[in-house]
Amino acid sequence: MPYLSRSDWGAVPPVKSLPVSTRLKGFCLHYMGFTVRTEDPVRLVQSIQRNHMAEPKSWWDIAYNELIAQDGTVLEGRGTPRVGRRGTKPHFTTSQRWFTPR
């Protein structure tokens, strides 16, 4: 299974980054829920990061720790030990993964 680091897919540096809690309470799995029109996982994850960091969201970085593409490629998101920042509250106690269903 191929693994692409942030530098491999050309991630923009995060605005801010915090370590996740040592008392991890959960694991969130997100999925697109609709047909993805590209088979290029790099292009898709770059688009997701732009969307998450742009107005009006203005999140610190891509919301997911890792992403899994339709072809099985795993892409490093914000990284496993990093907190996501969405809206006004950081997610200190969950680790988030994202995938595109076939």
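Here is a yes/no grid of residues against (1) surrounded by 12 or more Cβ atoms within 10 Å (Cβ to Cβ); (2) in contact with a Phe, Trp or Tyr (Cβ under 7 Å, 6 or more places away or on another chain); (3) on the phi > 0 side of the Ramachandran plot; (4) at pLDDT below 75:
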residue	(1), (2), (3), (4)
Phe34	no, no, no, yes
Tyr64	yes, yes, no, no
Gly79	yes, no, yes, no
Thr88	no, no, no, yes
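Could we say that Arg23 is surrounded by fewer than 13 Cβ atoms within 10 Å (Cβ to Cβ), of a type in the set (D, E, K, R) and at pLDDT below 75 here? Considered against the rule, which asks whether it is surrounded by fewer than 13 Cβ atoms within 10 Å (Cβ to Cβ), of a type in the set (D, E, K, R) and at pLDDT below 75, Arg23 comes out as yes.
The values are calculated or read from the model by the stated rules, or taken from the named source; none is laboratory data. Just so it is clear, the model here is predicted, and its values are computed rather than measured. Note that each Cβ is placed from the backbone with ideal geometry, even for glycine, and that neighbours are counted across all protein chains shown.
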